[in-house]
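The values are calculated or read from the model by the stated rules, or taken from the named source; none is laboratory data. The model shown is predicted, which means the values in this text are computed figures rather than measured ones. Note: ideal-geometry Cβ built from the backbone for every residue, glycine included; neighbour counts use all protein chains shown. Accessible surface is based on the protein model in full, side chains and every heavy atom, while ligands, DNA and RNA are left aside. Shrake-Rupley method; radii C 1.70, N 1.55, O 1.52, S 1.80 Å.
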Amino acid sequence: MRILICSIFFTFLAINSYSQEAKPLYMPREFQEAYKNKTRAFNGEVGENYWQNSSDYVIEAEIVPGTWKIYGKQTISYTNNSPDSLSEIVIKMYPNHYKKGGVRANKIPLENLTNGMVISNLKVNDEVVNLGLDASVSNLAHATKKKNPSNNISVSYNSTFLTLEFNNKPIPPNSTTKLSMDWETEMPLIYVNKIGAYDKESAFIGYWYPQIAVYDDIDGWDKNEYTGAQECYTDFGNFNVKIKVPKGNYVFATGELLNAEAVLSPQEYEAYILSKTSPDSTRILNANTKDEIGNSKSTWHFKAKQVRDFGFGVSNNFNWLANTTLIEDKKVSSNIVYSYKDEKNLRDLLNTQQKSIEYLSNELPGVPYPYQSFTSFIGVPEFDGMEFPMMANNGFSKREISNNLMTFHELAHTYLPHWVGINEVKYSWMEEGWATFLTFKFCQNFYKDTAFENYELQRAIKSYNRSAGKQWETPLFSPSNYMVVRNMHFQQSYRKPAFMYLALEYLLGEERFKRCFKTYLNRWKEKHPTPFDFMFTFNDVSGENLNWFWKKWVFEYGYADLGLKKIEGSKVVLENVGDLPVPVSLKLTYANNKTAIINKTPEIWSSGKSSVFIEIANVEGLISVELISDSFPDVNTTNNLIEIKK
């Protein structure tokens, strides 16, 4: 017990190393172990003993449009870089989200229920695995597992993953294990929950292949069910994927198309090559000129290096526009693929995508786009969007601004969670919140000096104010996978963290904030940061102990709500009703119709007090003091004005 207490004490001491006065952050036990083992560092750097496993995939799949059945076979080379001998391997089977009887947090139409994913011919290092159901399947109570002592590998099934347990020969550290398997599944016949069919001719295929789960230094194996409420936590790896479709269908996917000349017509190929160097919009494909679907088939071959997933779209009735965006000395291929029916609304979207890549690369975060291409596949029957490495599966709106901002938001996810591998299951606020914040900033830049400049910010403020301060608005540090209430998910994953990042920018100033953000991204690119890695990096790079800020925004209940209490002489008494450290903007109005603005950063709340005094330099002729709430949320605005009666 004494050893444990000392360990916790020194952990908190290290967290508090920036200041003797600041209170230490709460840190759960599993995180304490990681810092004790030096896989992570208290200054936000990657720890000297950091490790990360990986899976390399070779996949051959055949897609049957209309029924959207998928028949696949694959090999996986799984590398155990951890110091642990692994007694099991977890394989995610995401299509079982649509299986009859599967675990789900969302409603799915009956037409979309399937038989899930069926794996066969599974081998581990050439050892055949018996995939028959075992006694571990149960309803509510934990089952007693019956292992066959004659087999080295036992199998247990959950709803959306299976576990291979090694009875005799665990996987040693610093070794590679080869798995091979056949499998079949099918996509939903109606688009739902970010993937599935648009119609009988077009679909987006995501979460579609057997995938090795993440084993990390915080939780070990990721054994969270995929319920549809959150997204996925995946490791980085290399993908070599061949996709067979009836000839006349086109495939748009993560990675580089290796056999474009073989699958495109001569005219299409010529336009495709031109688009790789030209900044001008190039029409590669026009739905009205495509070949008829025949009985023959074509195979599209893609490769992608060091990415955390692979997604693709299939269609025979979409248009394809492309150009090249030059970022420093790198050419980025930018593609828009959409239904010919939406031509008049989407043909200018390629320009927005180009501006988006340039903004992210040159302005904020100011980190060059890390991949060689990006494709927006557009046609979702509802206005929704889902990011994949180098791709997005986007909805369509008849409003230009909605399409523009959706395109940017999903592209922004390139940085988080794809380049910086956030655990989306537990910490969705570390990626959705950033994409939302970045969309505020892009909208202000893209629509500068127009009526739409603050469109996205104002929309988010209204949404935040409707939900803030209610019982289910738990601290941000609460694991995201417990959020199954839709309003809770959107508030906690998108709105509240976006405003936390905005408050942080007010606190640090734009230049220092950007420096912290860029450092965080570059430190943790192609790795898996936790909330502490993010917070410690900002502490380190800013040169300040921000624990008082994190304590309120990340670990405690609270919401954005300020109120004016009274004026005492030359001082305004300001109350922090919601208890979050937020920026303050006061408007002073005088009898001669002159006005003045007093701005304060969230540092005004660093003492932890619930009310503060703000000095007014000139009270002569002052007739009113007003809290301005048009650029940051304020749940209750009825206490935002004090009029001075003479």
### Task
Find the residue count for segment 337-370, including only residues that are within 17 Å of GLY313 (Cβ to Cβ) and within 21 Å of the chain's Cα centre (by Cα).
1
### Complete set of residues in segment 328-348 that are touching a Leu at 6+ places or on another chain (Cβ under 8 Å) and either at pLDDT below 95 or on the phi > 0 side of the Ramachandran plot (or both)
TYR338, ARG347
### Task
With respect to ALA260, determine if the residue is open to solvent by less than 30 Å² (accessible area, probe 1.4 Å) and in contact with a helix residue (DSSP H, G or I) (Cβ under 7 Å, 6 or more places away or on another chain).
yes
#### Entry: Residue selected from segment 392-424 under the condition assigned to a helix (DSSP H, G or I) and among the β-branched types (Val, Ile, Thr), by the criterion nearest to ASP235 (Cα to Cα)
THR414
### Elements of type helices (runs of 4 or more DSSP H) contained in segment 447-532, each with 3 or more residues being within 27 Å of SER402 (Cα to Cα) and out of contact with any Gly (no Cβ under 8 Å at 6 or more places or on another chain)
455-467, 486-490, 496-508
### Message
From the list LYS600, LYS552, LYS594, exactly one residue is within 34 Å of the chain's Cα centre (by Cα) and open to solvent by 60 Å² or more (accessible area, probe 1.4 Å). Which is it?
### Response
LYS600
### Message
Being among the hydroxyl-bearing types (Ser, Thr, Tyr) and over 25 Å from ASN249 (Cβ atoms): is that true of TYR338 here?
### Response
no
### Query
What is the one condition in (1) touching a Pro at 6+ places or on another chain (Cβ under 8 Å); (2) open to solvent by less than 10 Å² (accessible area, probe 1.4 Å) that VAL380 does not satisfy?
(1)
### Task
With respect to GLU510, determine if the residue is modelled with pLDDT of 95 or more, surrounded by fewer than 17 Cβ atoms within 10 Å (Cβ to Cβ) and over 17 Å from the mean Cα position of the chain (by Cα).
yes
### Task
Residue by residue through segment 81-100, note down the ones that are open to solvent by 50 Å² or more (accessible area, probe 1.4 Å), among the charged types (D, E, K, R) and either in contact (Cβ under 8 Å) with a residue 60 or more places away in the chain or under 30 Å from GLU48 (Cα atoms) (or both).
ASP84, LYS99
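The rows are residues; the columns are (1) under 29 Å from the mean Cα position of the chain (by Cα); (2) surrounded by fewer than 16 Cβ atoms within 10 Å (Cβ to Cβ).
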| site | (1), (2) |
| --- | --- |
| TRP208 | yes, no |
| ILE212 | yes, no |
| ILE218 | yes, no |
| TYR233 | yes, no |
| SER265 | no, yes |
| ALA271 | no, no |
### Summary
Looking across segment 281-291 at residues that are open to solvent by 70 Å² or more (accessible area, probe 1.4 Å) and touching a strand residue (DSSP E or B) at 6+ places or on another chain (Cβ under 6 Å), the single one that is nearest to TRP320 (Cα to Cα) is ARG283
### Summary
When restricted to GLN471, GLN444, the only residue surrounded by fewer than 17 Cβ atoms within 10 Å (Cβ to Cβ), under 23 Å from SER356 (Cα atoms) and among the polar types (S, T, N, Q) is GLN444
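What are the residues in segment 170-206 that are hydrophobic (A, V, I, L, M, F, W, C), open to solvent by less than 30 Å² (accessible area, probe 1.4 Å) and part of a loop (DSSP other than H, G, I, E, B), if any?
MET187, the sole residue that qualifies.
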### Summary
Within segment 1-30, residues modelled with pLDDT of 50 or more, within 17 Å of ASP540 (Cβ to Cβ) and either more than 31 Å from the chain's Cα centre (by Cα) or assigned to a helix (DSSP H, G or I) (or both) come out as none
### Query
In the set TYR26, TYR57, TYR78, TYR71, which member is over 19 Å from TYR207 (Cα atoms), hydroxyl-bearing (Ser, Thr, Tyr) and surrounded by 15 or more Cβ atoms within 10 Å (Cβ to Cβ)?
TYR26
### Query
Which residue, of SER278, SER356, SER361, is open to solvent by 10 Å² or more (accessible area, probe 1.4 Å), of a type in the set (Ser, Thr, Tyr) and more than 27 Å from ASP56 (Cα to Cα)?
SER278
### Task
Report yes if ILE422 is surrounded by 17 or more Cβ atoms within 10 Å (Cβ to Cβ) and at pLDDT below 95, otherwise no.
no
### Query
When only residues in segment 433-471 that are without any contact (Cβ under 8 Å) to a residue 40 or more places away in the chain and among the acidic types (Asp, Glu) count, which is nearest to THR414 (Cα to Cα)?
GLU453
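Per-residue answers, yes or no, for (1) closer than 29 Å to LEU508 by Cβ; (2) in contact (Cβ under 8 Å) with a residue 24 or more places away in the chain; (3) assigned to a strand (DSSP E or B); (4) of a type outside the set (A, V, I, L, M, F, W, C):
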residue	(1), (2), (3), (4)
LYS565	yes, yes, yes, yes
PRO581	yes, yes, no, yes
SER585	yes, yes, yes, yes
ASN593	no, no, no, yes
ALA596	yes, no, yes, no
ASN599	yes, no, yes, yes
PRO633	yes, yes, no, yes
ASN639	yes, yes, no, yes
LYS645	no, no, no, yes
### Query
Which residue out of PHE383, PHE396, PHE440, PHE408 is closer than 21 Å to GLY313 by Cβ and touching an Asp or Glu at 6+ places or on another chain (Cβ under 7 Å)?
PHE396
### Task
Check whether at least one residue in segment 429-451 is of a type outside the set (Gly, Ala, Ser) and on the phi > 0 side of the Ramachandran plot, and report yes or no.
yes
#### Entry: Test: GLU575 is modelled with pLDDT of 95 or more and part of a helix (DSSP H, G or I)
no
### All positions within segment 101-135 that are under 31 Å from the mean Cα position of the chain (by Cα) and open to solvent by less than 60 Å² (accessible area, probe 1.4 Å)
GLY102, ALA105, ASN106, ILE108, PRO109, ASN112, LEU113, THR114, GLY116, MET117, ILE119
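Mind listing just one residue for me: the one in segment 513-549 that is touching a strand residue (DSSP E or B) at 6+ places or on another chain (Cβ under 9 Å) and open to solvent by 50 Å² or more (accessible area, probe 1.4 Å) and, of those, farthest from ASP219 (Cα to Cα)? Spell out how you get there, then give the answer.
Step one: filter segment 513-549 for residues touching a strand residue (DSSP E or B) at 6+ places or on another chain (Cβ under 9 Å), giving 523-524, 526-530, 532-533, 536.
Narrowing the set further to residues that are open to solvent by 50 Å² or more (accessible area, probe 1.4 Å) leaves 526-527.
Numbers: GLU526: 19, LYS527: 15 Å.
If we take residues in segment 513-549 being touching a strand residue (DSSP E or B) at 6+ places or on another chain (Cβ under 9 Å) and open to solvent by 50 Å² or more (accessible area, probe 1.4 Å), then GLU526 is farthest from ASP219 (Cα to Cα).
Conditions tested, residue by residue: (1) under 15 Å from THR414 (Cβ atoms); (2) out of contact with any Ser or Thr (no Cβ under 6 Å at 6 or more places or on another chain); (3) among the aromatic types (Phe, Trp, Tyr).
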site: GLN354; (1), (2), (3): yes, no, no
site: GLU358; (1), (2), (3): yes, yes, no
site: SER361; (1), (2), (3): yes, yes, no
site: PRO365; (1), (2), (3): yes, yes, no
site: PRO368; (1), (2), (3): yes, no, no
site: ILE378; (1), (2), (3): no, yes, no
site: PRO381; (1), (2), (3): no, yes, no
site: GLY385; (1), (2), (3): yes, yes, no
